[in-house]
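The values are calculated or read from the model by the stated rules, or taken from the named source; none is laboratory data. What you are looking at is a predicted structure, and each value in this text was computed from that prediction instead of being measured. Note: ideal-geometry Cβ built from the backbone for every residue, glycine included; neighbour counts use all protein chains shown. For accessibility, only protein heavy atoms count, side chains too; no ligands or nucleic acids. Shrake-Rupley method; radii C 1.70, N 1.55, O 1.52, S 1.80 Å.
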Amino acid sequence: MCGIAMVRLLKPLEHYQMKYGTWQYGYQKLYLLMEKQHNRGQEGAGMATVKLDMPAGREYIWRDRALGNQAINKIFEDNKKIAQKYTADQVNDPHWAKDNLPFAGELYLGHLRYSASGKSGLSDVHPFLRRNNWKSRNLILSGDFSMTNLDEIFAELTKQGQHPRDYSDTFMLLEQIGHTLDNQVQRLYERYGSNNETIESELNIAAILQETAPLWDGGYNICGLLGHGDSFVFRDPWGIRSSFYYIDDEIAVVASERPVIQTALNLETEQIKELQPGQALIIKKDGRILLEQVLAPQKISPCSFERVYSSRGSDRDIYNERKKLGYLLTESILKTVDFDIDHSVFSFIPNTAEVAFYGMFNGIQDYMIEQKVKQITKGKNSLSSEEMATIISHRPRIEKIAIKDIKLRTFIAQDKTRNDLATHVYDITYGSIRAGEDNIVVIDDSIVRGTTLKQSIIKILDRLNPKKIVIVSSAPQVRYPDYYGIDMPRMNEFVAFRATIELLKENKLEHIINDVYKKSKAQEELPKEKLVNYVKEIYAPFTTEQITEKIAKILTPADTKADVKIVYQSLEGLHEACPEHGGDWYFSGNYPTAGGIRMINTAFINYIEGKDKWSL
C-alpha cells in the first residue's frame, strides 16, 4: 500500500502567478497531497516534474527521491536550497523559474513508498524513469500496486527479446509499457516522419495499456508521465486499489485517497470522482481529458482493509464505516464483560482505532438507554428524585488508558527489530481504573501478528491490575496474506493461523495439515486459473469462537494476572459496515484474482517445507 499524487496544470505558469501570487501553485498542491498521504508510506518518497515545450538542449524532466519517514521534507527542502541560490525576483519569475529551476513545470508526480515485497533502498523508490532522446518515448512511472504473476510478466519480456536487469514488478511494468510505447511511437514515426507534434497528438495511451495490462494480475493504481506532456492514471479491473481525481479548468489532480484532495483544494466530497475499475484517466499534452475503459471490470473487490485501517479516517464514508464497525461489536463486548458496565472502562489502542471506539461507545450508550427506559418504566410510580437522577446519569466510563510513545506500525516494521520495538510502543495512564474491580475494554482496528499485544499492550494494561482485559478487534480474524500491496507475507506470522494449527494438533487432526499440503503441492504446476485455495480447509474444523479463544491464550503473557479475552468483528459485520468494499480475502481467503490463489498456495507449501521466504 503506497500513496500516489499527480498534478497537471492546465494553464501556463504565468496564470497561477497572476491569480494566486505564485507559479508554484501546482508544486505546493503536490506537497500537500503527499504530506496528507504520509500514512500510506513512510519508507521513502519521490517526485518528478515534466516541463512542457522546452527547447532542444534543455532539460525537461526532473526527479528526486529520498529514504526514510522524513523523505518528503528532504525532497522539498532540497528544492528550497536550490531556489535560495538565486534572487527573489528570479525565483518569482515563472519564465525564469521554468528555464532554471528543476522542479518548475506543468506536470508533477509524487509517491509515498511502503514496501510490499521486503525490498528497501533508494533504487526501489518511485517514480521510476525510462529515458530516451525522443521526448514521447520518455516514461515516468509510479503507483500503488503489487503484481502476483511476476514470472509471467518476466517471461513475456524475455520472449520479446528483452533482458530485464531486475526482478521487481515496478521495473518490469516500466519496461513492458515502455517497450509498447516505443513500438507505437516508431509506427507513428514511420507514418509522419519527424513531425513530433503530430506523433504526440496521435499517441494512444489507452491502446498501450490495452496491449500490456491484460497480463497483469494484482491490485494497482498506476500513474505515468510521458516526456512530451501526456499523463495517465489506471486502476485495476477488480477495483482492489483506490483512485480518486478532480478536474477543473485550471488543474487536474489524482490521489490514492479522496479526503487529501478535498483538503488540498478545499472541495466538497461530491466534487471528487472515483476512477472506476479497469478505467484510465488520460490527460493529453494539449489539455484534452479522456476517460477510457481499458479493461472490462472483473469481480469488483475493493479492499476492505483500507476501510478498516490503511486509509485516512477523515474520509466521510470511511469515518461512518469505522464507527459502524465499532457499533456492531456492542453485543459481543457486553457478553464478554457479563454486562457489567459499572465495572468496565472503555478505551482504544492505537489512535487509528479511535473512530471505531466512538462507534463502540455509541453502542454501549444505546444499550444503557434501553436499560434506563426499562428501569424508569418499571418503577415510574415509585422512583424517588434521587433514584431517577441515578438512573439518568448512568453512563459508560471512558479513559485514555494507553498512550502511544513511538510512531511505529509493528506489522510492517523490519523483521529483526519488530519484537524489540513492540515492547516500548505504549505507556499507560496510572490511576485510570479501580485496581482489582474494573475490566479494561480496549478496541484495536485489527490484530494481524499480535506482536504488540503480547509484548507490550497486555503487559502494560495488566500493571493496572484489572479483573479482565478485553481486546476488541474492529476487523475479523486476519487469516490469509495479502498479495495486492500490503505487507502480510508469511503464513506462520498470523496469530489466527498459528492458533488454528495448534488446535489441529491438540485435537489430533494433523492429517488435515498434511492433506492440505498434498493438495496444494499437487496443483503447483497447474495454470493459476485452475487453482483452488485449499488452505481454507485448515480453518474448517473450528468455529470462530474456538480460534478466538486459542488466540487469547497465545497472546497472553505467562505472568499476566488478569483474565484476557478477545472479541473479533464478524465477517458479516464487516460487510454490513462496508457494503461497497467486498474485498475480504484477508479474512475469508476469497482472493479476487487467480494470482492471489496461486500465492496462498505457494505460501502454505513454503510454510510446511520450512522455507522462510516471500511467496512472491
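Look at the Cα gyration tensor of region 495-616: its axes a ≥ b ≥ c give a/c of at least 1.5 with a/b at or below b/c, and that counts as oblate. Rounded to the nearest 20 debye, the dipole magnitude of region 18-64 is 180 debye, with +1 charges on Lys and Arg beta carbons, -1 on Asp and Glu beta carbons, and the Cα centre as origin. When TRP62, TRP216 are compared by accessible area at a 1.4 angstrom probe, the order from most to least is TRP62, TRP216.
Per residue, the accessible area of region 278-371 comes to 40 Å² when a 1.4 Å probe rolls over the protein heavy atoms. Taken per residue, the accessible surface of region 12-99 reaches 50 Å², heavy atoms only and a 1.4 Å probe. When the convex hull of its Cα atoms is viewed from all sides, region 436-563 shows a mean projected area of 9.2 nm². Modelled spin labels at ARG288 and THR158, positioned 7 Å past Cα toward Cβ, are 4.0 nm from each other. Selection among TYR591, ALA83, ILE261 by position relative to the dipole of the chain gives ALA83 as farthest towards the positive end (Cβ unit charges, Cα centre). Per-residue SASA remark: LYS404, around 70 Å² accessible (1.4 Å probe; ligands, DNA and RNA not included). Radius of gyration (Cα atoms) of region 207-308, expressed as a multiple of 2.2 N^0.38 Å: 1.08. In a fully extended conformation the segment linking TYR86 and ASP342 would gain 85.5 nm over its present Cα-Cα distance, using 0.36 nm per residue.
Note on the chain: with charges restricted to the Cβ of Lys and Arg (+1) and Asp and Glu (-1), its dipole about the Cα centre is near 800 debye. Compared with the dominant Cα axis of the chain, that is its longest principal axis, helix 169-192 is turned about 30°.
If a spin label sat at a point 7 angstrom from the Cα of SER314 along the line to its beta carbon, the backbone N atoms of region 32-49 nearer than 14 Å would be those of 32-40.
The charge dipole of region 1-84, taken about its Cα centre with unit charges on the Cβ of Lys, Arg, Asp and Glu (plus for the first two, minus for the last two), comes to roughly 160 debye.
Of the residues LEU215, LEU267, ranked by 1.4 Å probe accessible area with the largest first, the sequence reads LEU215, LEU267. Between the Cα long axis of helix 495-506 and the first principal axis of the chain there is an angle of about 50°, rounded to the nearest 10. For the cross-link pairs LYS29/LYS85; LYS36/LYS565; LYS36/LYS81; LYS561/LYS611, the ones whose C-alpha atoms lie over 28 Å apart are LYS36/LYS565; LYS561/LYS611. Ranking ALA577, THR543, ILE501 by Cα position along the charge dipole of region 470-593, where only Lys, Arg, Asp and Glu carry charges on their C-beta atoms, puts ILE501 farthest toward the positive end. Taking all protein chains together and rolling a 1.4 Å probe, ARG63 ends up with roughly 80 Å² accessible. Taking all protein chains as shown and a probe of 1.4 angstrom, THR263 keeps an accessible surface of around 80 Å². The modelled label-to-label distance between THR429 and TYR192, using points 7 Å beyond Cα along the C-beta direction, is 6.5 nm.
A simple rule links phi to the HN-Hα coupling: the Karplus curve 6.51 cos²θ - 1.76 cosθ + 1.60 with θ = phi - 60°, which for region 353-370 gives 8, 4, 5, 4, 4, 4, x, 4, 4, 4, x, 5, 4, 4, 4, 5, 4, 4 Hz, with x for Gly and Pro. For the chain, the relative contact order is 13 percent, taking Cα pairs closer than 8 Å that sit 6 or more residues apart in sequence and dividing their mean separation by the residue count. Taking all protein chains as present, what is the carbon and sulfur share of the accessible area of the chain, in % to the nearest whole number, probe 1.4 Å? Its accessible area is 48 percent carbon and sulfur atoms. When ASP366, ASP427 are compared by accessible surface with a 1.4 Å probe, the order from highest to lowest is ASP427, ASP366. Converting phi to 3J(HN,Hα) with the Karplus coefficients 6.51, -1.76 and 1.60 and the offset θ = phi - 60°, region 24-30 yields 7, 3, x, 4, 5, 5, 4 Hz in sequence order, with x at every glycine or proline.
Under 5 Å between amide hydrogens, built in the peptide plane, is the criterion, and for GLY143 it picks out CYS223 among residues at least 5 positions away or on other chains. In whole angstrom, the chain maps to an equivalent ellipsoid with semi-axes of 48, 31, 21, each derived as √(5λ) from the alpha carbon gyration tensor and ordered largest first. Only one residue of ALA66, GLN17, LEU464 has its Cα farthest out toward the positive end of the dipole of the chain, where Lys and Arg carry +1 and Asp and Glu -1 on Cβ, and that residue is LEU464. Angle of helix 510-522 to the longest C-alpha principal axis of the chain, folded into 0 to 90 degrees and rounded to 10: 10°.
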